[in-house]
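Nothing in this text is a laboratory measurement; each read-out follows from the coordinates by a stated rule. If you're wondering where the values come from, they're calculated on a predicted model, not measured in any experiment. As a convention, Cβ positions derive from the backbone with ideal geometry for all residues, glycine included, and neighbour counts pool all protein chains shown.
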Amino acid sequence: MIARVIGRRHMAALAWAVAAGVGGELSAVGLTACAAWLIARAGQQPPLSALALAIVGVRAFALFRGGLRYVERLTGHDAALRVLADLRVRTYDALRRSADPSLGAVGAGGRDADLVQRMVADVESVQDLLLRCLLPAMVSWAVGLAAVVLSVVLLPAAGAVLAAGIVLAGAALPAVAALASRAGARRVAAARSDLAVRGLDVARGATDLAAFGATERFVTRAEEAAARLERAERRSAAVEATMNALGTAVQGLTALAVLWVARRHGADAVPVTVLTLTALVAVEAVVPVADAARRFVELRPAARRVTALLASAPPEPAVARRARVPARPGIELAGVRAAYGRAVALDGVDLRVPFGRKVAIVGASGAGKSTLLGVLAGETRARGAVLLGGAPLDAYDAADVRAAVRGLTQDAHVFTASIRANLALARPDASAADLEAAARRAGLLGWIRSLPDAWDTPVANDGLSGGQRQRLLLARALLADPPVLLLDEPAEGLDLPAADRLVTDVLGDERTVVLVTHRLAPLKAADEIVVLDRGRILQRGPHDALAAVRGPYRDLWEAERLHTDHSVGVKTW
């Protein structure tokens, strides 16, 4: 599991980190042993020349200890960050391949925003897996083994006692810590999940709860969930404290046992001192393995999920696609059917959109609008013909399809990074002028300039308002500048005047635009409006023609006008 997550290309870097860590800890053991020998031997008042080598050794080990520990931190974090960067790419590529119809897709669910967020958190946990579990455990065991070898050379009986202490501190205690933490981790995870659900009920449903007089009851439930989480975390902290206390006890008892064995075997005061202090330092170096085991239990589920995704993703096609997407492609659906289990989302849809045409998709919630966009983008599996530039999607390389057909969908993701980095994902070579132009069209430039760090301000998927998130994602889609632009509710979260201006501006592009929206007022600028209901096209045509005849579009239009008039206080007679 760990080897698959790390990847073979990073093994050498991790090996250097382990080597530096082992060298640093061995220098600490050598410093203690050398200093113990020097002090004990000096008490016997030998000639100064007899102590010269030990004096040099103490200074050398002290210098090496600090230097190698710094190198370990440097190389370890560098290796972990490289693994993390590579794993992000492999994970997102696996998500993409799992959702690519041309590669035996699992469907649009592989691109769900919640799934992406969970995988982001899982990938980030790999850093702790390396730095707090794998590297400390490997370094500790290597140092413990070296200390045992040294003790055996000086006095075999003392070496056997130290080996028993190393096994107890480096194997038995970690096993107990892992078993104890497993149940605690499950309790803490369950309590946190319960608190998150109850907290969201209180935060997001405050208005409804107040209306029904249920606020106090739900707040009490949330407080009870918080209390359960506190108790679970206290039990986990108690386990951790107990393991630390046991580790300290093993360390002291091992040193005393080595001292007793060395004295019993008639060893001189100098080797007795060296053996005792070496045992004390060696066991101390191994004690952190228990904490590494406890953390490993907490992080293993995330690593397993990442490993399962990497293993289950379909492989890339062995043979590259020959066809190239035309520079000005049209898109066409013929007899397209799509379903989620037994629920039919699209039922025999025929739609032809020549290049440069602006088409709006409207309909009630659940009519199949977002599924239609997913089919056009090649992200949702469907039966029937899906053509791009007159050829099926699988006639092209998947990367070419993604470059030609881009857009803003409901599950698009804002990454935890700066605004500049989030936009540059669409076009890494974009200039500052390109970024500003895309942000200006999305109505985002004024907000960006008002921030303290402007373009370098960090953002996250759950740290933005709905309108800010939509504008940021729209700016990213516009920056990509694809010939076919697919937009799913691009103005959601914006006030009506701003939303209408934004949609009207987008519909003025020269490219092909397919827009899903519930707002009809700006659709006078669309070439064609398609009305969906239960996966079927009921009406199609320009705004004025559809609004002039009785039908579902006219009903939607009149309902919108009535709602708009009422919201601004205008009476209609």
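Overview of values
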read-out	value
Cα-based helix-to-principal-axis angle, 269-286 vs the chain, degrees rounded to 10	10
C-alpha long axis of helix 156-167 to longest principal axis of the chain, angle in °	20
Of ALA175, VAL239, GLY252, farthest towards positive along the dipole that unit charges on Lys, Arg, Asp, Glu beta carbons give region 166-310	ALA175
Estimated FRET transfer efficiency (TYR70, ARG427; beta-carbon r; R0 30 Å; 0.05)	0.15
For region 303-308, 3J(HN,Hα) per residue [Karplus equation, 6.51 cos²θ - 1.76 cosθ + 1.60, θ = phi - 60°, Hz, x = Gly/Pro]	5, 5, 5, 5, 4, 4
Amide H partners (placed H, <5 Å) of ALA360, local residues excluded	LEU515, GLU528, ILE529, VAL530
Cα-based Rg of region 331-567 normalised by 2.2 N^0.38 Å, two decimals	1.02
Student exercise, the chain dipole from Lys, Arg, Asp, Glu Cβ charges, in Debye to nearest 20	1080
Region 2-312 - charge dipole about Cα centre, Lys and Arg +1 at Cβ, Asp and Glu -1, debye rounded to 20	400
Placed amide H near THR457: partners under 5 Å, 5+ positions off or other chain	ILE419, ARG420
Inter-probe distance in nm under a simple model that places probes 7 Å from Cα toward Cβ, at ASP505 and ALA437	1.4
Helix-only [θ]222 nm of the chain, DSSP H runs n ≥ 4, -39500 (n - 2.57) each, per residue, nearest 500	-20500 deg cm²/dmol
Longest exposed-site-free window of the chain, the sites being trypsin sites (Lys or Arg not before Pro) in a DSSP loop that have at most 13 other C-beta atoms within 10 Å	1-321
ASN244-PHE212 FRET efficiency (beta carbon distance; Förster radius 60 Å; 0.05 resolution)	0.75
Dipole of region 331-407, positive direction: furthest Cα of GLY407, VAL386, ALA367, with charges on the beta-carbon	ALA367
Residues LEU51 and ALA269, FRET efficiency given R0 of 22 Å [Cβ-Cβ distance, rounded to 0.05]	0.90
